[in-house]
Amino acid sequence: MEILQLLGVAVGLATLSGLNLYLTVFLTGLAVRFDWISLAAEYQRLEVLGDPWVLAASGLLFAVEFTADKVPWVDSAWDAVHTAIRPVGAALLAVMVLGDGNPVFNVVVGLLAAWLGFTTHALKSTVRLQANASPEPISNLVLSVAEDTTVVLGLGLIFTYPIVALVIAVIALAAIWYFVPRMLRSTSVKLWLCGRKLRLSPVDEEVVEMPDDLPSAARAAVTGHAGAEWNLAWSVPCISGSGPGYPPNRFGWLVSASGPAQMLYFVPRHSNRPRALPPGAPVARLEQKFLADVLVLEWPGGEQARFLFDRGSRSLARLVFSKFTGPR
């Protein structure tokens, strides 16, 4: 039981450090300094966090982070700087909790704590990048307050019910690692779109003909799926958004095959596996977003498919849109 309690405190502090290292250290130090919590004998090494110099340093750094964390894009730059700092701080706090125990066990838990700190740091960073890509200004403030509140409540739970905190941390971290890869893909797409927007030419080059640069392997896969009666009419590079039958946030091609009826596919890059869209003629609309133009296709049954075109491909997006609104 004592080992589980130690792990609960170590894992909890490491997890919260990925969200806000300085607030975690500062609040723990204040709690120790003013006897808000009574440290069990096994946690006595945490008393150093109540030292005035440690409190002054962590409080000053938290004040800086408190300000930077609420300014769009400044928060992401701050997170980038702390990619190494937060995991290292998480590992140090965990090792402090363990004390002078088995060195091998301490090293293993320290490495685990660094990984946990990086996990929550990665979650925080990706969510902030997603928020920064939206034009509204309030999300950064809301997210920052929510993160600080999580740290405050989490510290209270850690030092009151460490085993419960351990169970909650394990469940939360498992959920994070399920969603983080998807969030990272979405973030990488948004960063790519940001880069394209920054490098945008002042003159929008007009596209008058539909491109057809589908690689030969992908072309053969689409032809094989569609059948001999269909021929490829056009293929355009784009990024998949939400929709049925294909993974989102993938670079690839939207492909149209003509025959007895129009058939549409999305072919992800590096896959060459065509994903068929719902049959029938969709209703199309073109939405101009902050980072991309979004082609929305909607079928009578209510299914929707979205495809993103970077701002430099606005003319191409309009041309593709015209293929669904003009004569078939």
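The values are calculated or read from the model by the stated rules, or taken from the named source; none is laboratory data. Computed from a predicted structure; not experimentally measured. Cβ placement follows ideal geometry from the backbone for every residue including glycine, while neighbour counts extend to all protein chains displayed.
Tabulated values for the structure
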{"read-out": "Strands (runs of 3 or more DSSP E) fully within region 222-275 counting 2 or more residues that are among the aliphatic types (A, V, I, L, M) and in contact (Cβ under 8 Å) with a residue 60 or more places away in the chain", "value": "231-240"}
{"read-out": "Enumeration of residues in region 262-298 that are hydrophobic (A, V, I, L, M, F, W, C) and more than 25 Å from PRO215 (Cβ to Cβ)", "value": "ALA281, VAL283, ALA284, LEU286, PHE290, LEU291, VAL296"}
{"read-out": "Residue in region 289-306 that is nearest to PHE321 (Cα to Cα), counting only those that are part of a strand (DSSP E or B) and touching a helix residue (DSSP H, G or I) at 6+ places or on another chain (Cβ under 8 Å)", "value": "LEU295"}
{"read-out": "Check on LEU264, in contact with a Cys (Cβ under 6 Å, 6 or more places away or on another chain), assigned by TED's automatic domain parsing to the domain that holds ARG306 and either modelled with pLDDT of 85 or more or surrounded by fewer than 18 Cβ atoms within 10 Å (Cβ to Cβ) (or both)", "value": "no"}
{"read-out": "Boolean, ASP69 is touching a Ser or Thr at 6+ places or on another chain (Cβ under 9 Å) and modelled with pLDDT under 90", "value": "yes"}
{"read-out": "Hey, LEU184 modelled with pLDDT under 80 and not assigned by TED's automatic domain parsing to the domain that holds PHE309 or not", "value": "yes"}
{"read-out": "Where ALA305 falls short, out of the listed (1) touching a Lys or Arg at 6+ places or on another chain (Cβ under 8 Å); (2) small (Gly, Ala, Ser); (3) touching a residue at least 60 places away in the same chain (Cβ under 8 Å)", "value": "(1)"}
